[in-house]
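Written below as structure tokens is the structure these notes are about.
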Amino acid sequence: MTPNIVEIDNLSFGYKGRVLHKGINMVFPRGKVVAIMGGSGSGKTTLLRLIGGQIRPSKGEVRVDGDVVHKQDRDGIYKLRRKMGMLFQHGALFTDLSVFDNVAFPMRELTDLPESMIRDLVLMKLNAVGLRGAHALMPTELSGGMARRVALARAIALDPNIIMYDEPFAGLDPITMGVICDLIRTLNDALGTTSIIVSHDVKETFMIADYVYFVANGEVVAEGTPDDLMQSTLPFVHQFVHGEKDGPVPFHYAAKNYQSELLGRVSVK
Amino acid sequence: MIKSTLHISIIRTLRGIGSRMIERTWRLGAGARLFFLTLVYSGESFRRFNLTLREVYSTGVMSLLIIIVSAFFVGMVLALQGYNTLQKYGSSEAIGVLVALSLVRELGPVVTALLFAGRAGTAITAEIGLMKTTEQLSAMEMMAVNPIARVIAPRFWAGVISMPILASLFSMVGILGGYLVAVPLIGVDDGAFWSQMQANVDFRLDIVNGVIKSIVFGVACTMIALFEGYDAPPTAEGVSRATTRTVVISSLTVLALDFILTSFMLEV
């Protein structure tokens, strides 16, 4: 058994002539909560998709439990995905199924468990996220935070070795954010899984992560424990962690000369 | 200067045509690939037939009302128009044959397919497009569940099963509508209406060919609706455009296929 459940080695990825990642190296040790942070559009979610085998790298490789993801055929990738659970940004619950059926979905599709056992397991998973009482509701009847918790129950339905969280705190109120934060850490420790969190919420992520990677301009620009990064003097990390408006990441998107554009000498097309 | 502007404009037009051709060819290939994969991963639709049956309900049963009401009016109009022409030649008793043949051979399969594209086809495209937009298909993929086997194939077979049943119902209700106008309203002889129909409608040449047409239309309409949803850009505008394309492409495909099938069936 390798000490790191996921290893990203010299990975490059781009599409439509745009380079998103340039030779990224990361490791995700078993049982740890590791965060990938960076600004919007820095390719954090794409890294999760590369780990899940939904897209192929242009160079380098991603290894999950020792297997190179992009070298697997469809069955091989599906076999690897059975070791993973993923929480999507907006939950991605199946809107035609109830809360109960959403959590039961992977069990019914991927196992031969009897319905009575599925019932017990679903109620246990929903109890773990505090929503056993909401099992009969439909996704449209849930708040954003509840939907995220149901999606989390579904992600842990088959006790995966890795749980990937795509922006788990985005758009949540402070109380729900605290609940999700606590759930991620508790479930990680209780189930002995490895959690990979993609986020740009510094406070919440630093509270639960064991190790953090900062991604910018297609590269890992900083890494370390949350305490190390809080003390970091690197300009990008400092700007990001303290939420400064201007710095290495400019306030203005690249544009033509302001004066010339206002005076109409440059076409606004 | 004028020459160079003209030159640039011609190049732009040619480039536009070329780019559109490449895009259309790519979409045709992607559609064919999805059709092939749907057939390959169809096993589950039959092993877990309840998945397909559920879709038969939402595509077929939910389309029943519009099919029955339309068929009734189409049959009544056919009888009125047919009687108006036939009486000039003194053969108004042939009204039953005219109504039955028009419905069974052409109007049943074609109008049902057009209504199906508008009612069920758009619903399928919007549903699949929204599943894609809200990452439900990605979530399924990440759970190691194949969305083509679990979502696409059951809907495809539901459409293929529903279409001939709906077309047959359309023809039956249309004939009933034609009967109500021709016999009680206009006063055509009851016995002549049914006996002429019985004598002149051939089971293999008319009814079976009509069913074959509706099966082909079922494959085309459902596959177009599924592909448009599956290929829709994951935005509100993308889903809306895909839904419109479903109706336009399905309608044109049905009419073109009808011409091709009819010419083969009549051995022209």
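If only residues of segment B:156-165 that are within 11 Å of B:Val56 (Cα to Cα) and in contact with a helix residue (DSSP H, G or I) (Cβ under 7 Å, 6 or more places away or on another chain) are counted, the one that is surrounded by the most Cβ atoms within 10 Å (Cβ to Cβ) is B:Met163. Are any of the residues in segment A:164-173 more than 20 Å from B:Met143 (Cα to Cα), crowded, with 19+ Cβ neighbours inside 10 Å and either hydrophobic (A, V, I, L, M, F, W, C) or away from chain B (no Cβ under 14 Å) (or both)? Looking through segment A:164-173, at least one residue is more than 20 Å from B:Met143 (Cα to Cα), crowded, with 19+ Cβ neighbours inside 10 Å and either hydrophobic (A, V, I, L, M, F, W, C) or away from chain B (no Cβ under 14 Å) (or both). Of all the listed residues (B:Ile148, B:Ile152), the sole one being of a type in the set (Val, Ile, Thr), within 14 Å of chain A (Cβ to nearest Cβ) and not in a loop (DSSP other than H, G, I, E, B) is B:Ile148.
Of the residues in segment B:88-109, at least one is surrounded by fewer than 24 Cβ atoms within 10 Å (Cβ to Cβ) and over 30 Å from B:Arg204 (Cβ atoms). Restricting attention to segment A:85-96, the residues being closer than 17 Å to A:Leu158 by Cβ and more than 7 Å from chain B (Cβ to nearest Cβ) number 3. Taken together, the residues in segment A:70-84 that are more than 10 Å from chain B (Cβ to nearest Cβ) and in a loop (DSSP other than H, G, I, E, B) amount to 2.
Filter segment A:104-125 down to the residues that are more than 8 Å from every other protein chain (Cβ to nearest Cβ), assigned to a helix (DSSP H, G or I) and closer than 25 Å to A:Arg30 by Cβ and list them by number. Those that are more than 8 Å from every other protein chain (Cβ to nearest Cβ), assigned to a helix (DSSP H, G or I) and closer than 25 Å to A:Arg30 by Cβ: A:Met107, A:Leu121, A:Met124, A:Lys125.
Among the residues of segment B:91-145, how many are among the small types (Gly, Ala, Ser), within 14 Å of chain A (Cβ to nearest Cβ) and more than 16 Å from A:Thr95 (Cα to Cα)?
Going through segment B:91-145, the residues among the small types (Gly, Ala, Ser) turn out to be B:91-92, B:94, B:96, B:100, B:102, B:108, B:113, B:117-118, B:120-121, B:123, B:126, B:129, B:138-139, B:144.
Then drop every residue that is not within 14 Å of chain A (Cβ to nearest Cβ), which leaves B:123, B:126, B:129, B:138-139, B:144.
Still in the running and more than 16 Å from A:Thr95 (Cα to Cα): B:144.
Residues flagged as among the small types (Gly, Ala, Ser), within 14 Å of chain A (Cβ to nearest Cβ) and more than 16 Å from A:Thr95 (Cα to Cα) within segment B:91-145 amount to 1.
Given the options A:Arg30, A:Arg63, A:Arg56, A:Arg18, name the one that is surrounded by fewer than 16 Cβ atoms within 10 Å (Cβ to Cβ) and modelled with pLDDT of 90 or more. After applying the criteria, what remains is A:Arg56. Of all residues in segment A:184-206, those that are more than 16 Å from the chain's Cα centre (by Cα) and among the hydrophobic types (A, V, I, L, M, F, W, C) total 2. Residues in segment B:20-34 that are surrounded by fewer than 16 Cβ atoms within 10 Å (Cβ to Cβ) and of a type outside the set (Gly, Ala, Ser): B:Arg20, B:Met21, B:Ile22, B:Glu23, B:Arg24, B:Thr25, B:Trp26, B:Arg27, B:Leu28, B:Arg33.
Scanning segment A:53-69 for residues that are more than 14 Å from A:Met84 (Cα to Cα), assigned to a loop (DSSP other than H, G, I, E, B) and without any contact (Cβ under 8 Å) to a residue 12 or more places away in the chain yields a total of 0.
The values are calculated or read from the model by the stated rules, or taken from the named source; none is laboratory data. What you see is a predicted model, and the numbers here were worked out from it, not measured in a lab. Please note: Cβ atoms are built from the backbone with ideal geometry, for glycine as well, and neighbour counts cover all protein chains shown.
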